Structure formats: structure tokens, C-alpha cells
Ligand SMILES: NC(=O)c1ccc[n+]([C@@H]2O[C@H](COP(=O)([O-])OP(=O)(O)OC[C@H]3O[C@@H](n4cnc5c(N)ncnc54)[C@H](OP(=O)(O)O)[C@@H]3O)[C@@H](O)[C@H]2O)c1
């Protein structure tokens, strides 16, 4: 089968087309035909060996010191089940699934344990539409629902609202009943305004920077990596929460300082993909409360171009690579 290997850290050109044997599932595993795989900011950083700030040593230790430990990268995917191990009960051949593996999704087929981060694709959506959902939407769900515990009527600020996490955070905050202020550059307006944000008037607003903010927030989710609690402290209620996905030395200091003084608190979250939070976001997709936002789709042999697009263009939507086209006649919905 076709796959793409990353023999060294570096620019998109380090990705190499290779041939690999089709994997065989263990008794508790599924063999999945990968129809689509996402290229995310996380993939971009991993390929480039870019582990910023406080994660520099930990990143190399976990993912490989001199070169990536896993030859075939790619983590967020969608496809259909081609074979099940003898002990598998949750899935059947033909089921349409999406989820995350630790590595190896830049390949036509993968194996995954049935207890891993997998969920059924909502019937009306394609594999390409959901491939990136385990990244941005699950992270946004974890940060807003679990870490910040956003409640109805609260005022939520999403900084970097046009990004991979931000564009789903806006939708999830609205679904949770919050009033949303999105901070984003004008180039993201075409993505954000159709979500129900307005440049002026209306409950949900898009602004360019904090100088335009009129009333304090209950929650600031900052995905831009360019600000800290102190930048937002004047714009947070005394009970407010500043949530960031970026681990930095400054964050560690802020976490410590928050224990010593009253006022807004700082929180770090890990967007860990589990079967449970995948099901939660799949329900949002199924009910229409959240929509996939795709910017660019590439064929599998254009994986290098897909990485280029993500790295240089930073498009206002997900970058998805179609790996194996769905075979004609394959059932669309999972079997009961
Ligand atoms: N902790 C976790 O589990 C976890 C999970 C996933 C991701 N992450 C990390 O979270 C971060 C965000 O990920 P992502 O995929 O959302 O990244 P992304 O797609 O690059 O989005 C970041 C957004 O921030 C915007 N931005 C940067 N500086 C800004 C500023 N001064 N004002 C307004 N907007 C600004 C960017 O705008 P432009 O596009 O206009 O430049 C971009 O839209 C990354 O560092 C990623 O590694 C952590």
C-alpha cells in the first residue's frame, strides 16, 4: 500500500512516498481503509521538529531526538472498517469511522484498537468533512466544556478565532449558550461571519484586538500563542478564566502566581482525543450545532503541497487529504 514517511525533521519536502505492507489487525483491532487524513498545525510542528518553549526537551524526548521516532506520521483520519479482529464487538466491517491514532495515518490502511479514539461518522457527512474534527473541534470541546466549564449566558472570548481550534471554539461556545466575541484578523471574516458573528451589533461579535472590547469576559480562550493572562486580566471578570493550549515558561509562572493571589485564573488544557469526546462532537455535527469548515482538499500524492498550504498560507479552514476514494456500493451508514 502507499504511505508517506518523514525520514527527518524539516520542511514539507522531507515527506517521501513509500510502499508499506498492509497491516494485519490483532484480535482487538480493526483494519481501516483511510479515505481522508487531516494536515493540522500539530502535524506541521511535528514534521518540522518545532517544539516551542517549555516543550522543547519533552517534544524531542517523546517524538524522536534527531529524527521522528515514527516513520509514518499522520494522526487524524476518517475512513471505513475493512476487517475486524476476533474480539471486536463495537465495530463491524463497512462501518464509517473517524478518529485519532498516535501515528501512521499517512497511509492507505491502518490498524487501531476498538477501544481507541474512534467514533462513527455522522451519516450525512463525508470522510473528508470529518477528518480534521478530532483536532480542532475536540480540542475546542475539551477547552470550553471540560477546562473552562462554560455556562449559558457567559461571555466567551476566542482569540485566534479563525484558526484550527478557534473556528470550532466559536461554534461550540455558541452551542453552550455563551455570548461570543471572536478576535481575528479580517482575512478570517469569510469563515467567521457566516457562523453568526457580526462586525457590529448582534450578540456575537468579531473584533480585531482587545481595544475594541466593551465588557469583561467570563472566559478567554487564547489559541494565538501571543498573549498571556496579564494581557487579558483587565478584560476578565474577577472570577474569569484564561485558557491556553500552549505550554510555556510564562504559563507555568502564571499558574503558580494564580495560587497566591485572587482574581482571574489561568488554565492549561490538553485536547486529548477520546472515544467519549469524539462522540460528543459527532453529536454536534449530527444535530447541525457545528459544521465542518474545510479550506483546501488535496489528493494523496499531493501531501507535500498540503503541508505547504498549511505551513505558508495558514488557510481559514481545515486542510484535508483524500487518501483512498470510497468504493462504489460501500454502505454509507454504520451497521446496527
Ligand atoms: N494543548 C493541546 O492539546 C493542543 C491541541 C491542539 C493545538 N495546540 C496548540 O494550540 C495552538 C493553536 O492551534 P491552532 O491549530 O488553532 O493554530 P492556528 O490554526 O495557527 O491558529 C492560531 C490563530 O491565532 C491567530 N493569531 C495569532 N496571533 C494573533 C493575534 N495577535 N491576533 C489575532 N489572532 C492571532 C492566527 O491568525 P492568522 O491566521 O491570521 O495568523 C490563527 O488564526 C498551536 O500552538 C497548537 O500547537 C495545543
Expressed as a whole-number percentage, the relative contact order of the chain with C-alpha contacts under 8 angstrom and at least six residues apart is 21
Each label sits 7 Å from Cα toward the beta-carbon; between residue 233 and residue 149 the label points are separated, in nm, by 2.4
If the chain between residue 17 and residue 102 were fully extended at 0.36 nm per residue, the gain over the current Cα-Cα distance would be 28.6 nm
Most exposed first, judged by fewest Cβ atoms within 10 angstrom, 187, 96 run 187, 96
Sorted on mean Cβ neighbours within 10 Å (highest first), peptides 128-138, 213-223 come out as 128-138, 213-223
Note on the chain: alpha-carbon gyration tensor, axes a ≥ b ≥ c; rule is a/c under 1.5 for rounded, else prolate if a/b larger than b/c, else oblate; result prolate
The whole-number value in µm²/s of the Stokes-Einstein translational diffusion coefficient for the range 196-250, with Rh from the Kirkwood sum over alpha carbon pairs at 37 °C and 0.692 mPa s, is 265
Of all DSSP beta bridges with both partners in the chain, the antiparallel percent, nearest 5, is 55
A student asked for the Cα radius of gyration and Dmax of the range 259-314 in angstrom ought to give 18.2, 54
One finds, for residue 272 and residue 302 with R0 = 30 angstrom and r their Cβ-Cβ distance, a FRET efficiency to the nearest 0.05 of 0.50
Place a point 7 Å from the Cα of residue 2 in the direction of its beta carbon; the residues of the range 293-315 whose amide N falls under 20 Å from it are 296-310
Quarter of the surface of the C-alpha convex hull for the range 198-336, i.e. direction-averaged projected area in nm², equals 12.9
From fewest to most C-beta neighbours within 10 Å, the residues 191, 40 line up as 191, 40
The simple spin-label model distance between residue 255 and residue 26, using points 7 Å out along Cα→Cβ, in nm, is 3.1
Along principal axes, largest first, the alpha-carbon spread of the range 135-268 in whole Å comes out as 42, 31, 26
Expected sort for 251, 62, 260, 157 with the fewest Cβ neighbours (10 Å cutoff) up front is 260, 62, 251, 157
Note to self, the chain gives a 222 nm [θ] from helices alone (DSSP H runs n ≥ 4, -39500 (n - 2.57) apiece, / all residues, nearest 500) of -6000 deg cm²/dmol
Length gained, residue 224-residue 45, 0.36 nm per residue minus C-alpha separation, equals 63.0 nm
Relative contact order of the range 135-268 (C-alpha contacts under 8 Å, at least 6 apart) in percent is 22
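Taken together, the values in this text are just the output of simple stated rules run on the coordinates, not laboratory data. For clarity, every value in this text was computed on a predicted model and none was experimentally measured. Quick reminder, even Gly has a Cβ in these numbers, built from the backbone with ideal geometry, and neighbours come from all protein chains shown.
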